[in-house]
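This report concerns only the one structure given below.
We did not get these values from a lab; they are worked out from the coordinates using the rules stated. No experiment lies behind these values; they were computed from the predicted model shown. Note: ideal-geometry Cβ built from the backbone for every residue, glycine included; neighbour counts use all protein chains shown.
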Amino acid sequence: METVLLQETSASLRLLVALAHPDDESFGPAATIARYASQGVAVHYICATRGEAGHADPELLEGASSLAELRTRELMCAARHLGLAAVHFLGYCDSGMENTPANENPACLLQAPLEEVAERITGLIRQIRPQVVLTFDPSGGSLHPDHVKMNQATTLAFHAAGDLERFPHQGKQGLSPYQPQKLYYTVFPVRWVKAAVRILPLFGQDPAAMGRNRDMDLRRLASQAQLAVTTRIDVSPYLAASQQAAECHASQLSGGYGQFPRFLRKWLLRFDRYARIVPPFDRNRIERDLFEGIVEESRLS
């Protein structure tokens, strides 16, 4: 494991985002990260791997010893645009997409015992002490095995972090139990995916073979049960920071970022959507703030 501190992290409000690869933060909740960082929240990013199983054009690899080094460099670029307080690498290798040779790497995230991954995340939760934790939904948003594993491990760690009996040896490392107050999953509107499945064939594209490596099956993704949106964050003022962060990941872009007309992109991406898992959401009113109802530590003592 490795932690890269980027700025002062003594803020009273803390958000922990736990995802799988360099670029997941930028192609996912980037605008949300930028919004809270700009408001003085210390936003920490757990990145499980360094994206070793991806691909990059040869010219982009010039000056880098490996794809992992290039993608780490791209993540650090994005982190500066988003205002991240720190990046925490769990130290696993990228598992690649489903049913690829990378899945068999004994050092990859997919092969790691779930309890081991959860233990590492639990240690970081106890160290960072975030009030809010954010990770993938159970489908991982793309069915990528690393995304699914991070959903499972982060959810397990969220509940374990406040339990004295879970990973008690961490106490010897000065990490006392700590229970975050809220857990969120990312939500991508399935209706958009279903619409894409219908429209893409009209333009000669196969919705079952999308993405840079043609390994994303939108038909299968559209069949997944969708979590109800409980929380909708207005991120309109932070789309520029989100785009700048995404453009840092040049090795993973295909066709250029922001190829839609600016007005259409701003309309489509003006909200980030989440499902609140803890505490259970039992109201009809949509939440507008991840920190709504948060009790700061000074008031808990």
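Of LEU70, LEU60, LEU218, which is the most mobile in a GNM of the chain whose springs link Cα atoms less than 10 angstrom apart?
Its mean-square fluctuation being the largest, the pick is LEU60.
Only Cα pairs within less than 10 Å get springs; with that Gaussian network setup on the chain, which residue of LEU200, LEU156, LEU15 has the largest fluctuation?
The residue with the greatest mean-square fluctuation here is LEU200.
Taking a cut-off of 22 Å, what percent of all Cα-Cα pairs in segment 7-98 are separated by more than that?
That fraction is 29 percent.
Return the distance in nm (one decimal) between the two label points of a simple spin-label model at LEU202 and SER38, each offset 7 Å from Cα along Cα→Cβ.
3.5
Tell me, what HN-Hα J-couplings in whole Hz come from the Karplus equation 6.51 cos²θ - 1.76 cosθ + 1.60 at θ = phi - 60° for each residue of segment 130-141, using x for Gly and Pro?
x, 6, 10, 10, 10, 8, 5, 7, x, 7, x, x
Nothing charged except the Cβ atoms of Lys and Arg (+1) and of Asp and Glu (-1): what's the magnitude of the dipole of the chain about its Cα centre? Round to the nearest 20 debye.
1180
Would you calculate, for the chain, the mean residue ellipticity at 222 nm contributed by helices, counting each DSSP H stretch of 4 or more residues as -39,500 (n - 2.57) and dividing by all residues, to the nearest 500?
-9000 deg cm²/dmol
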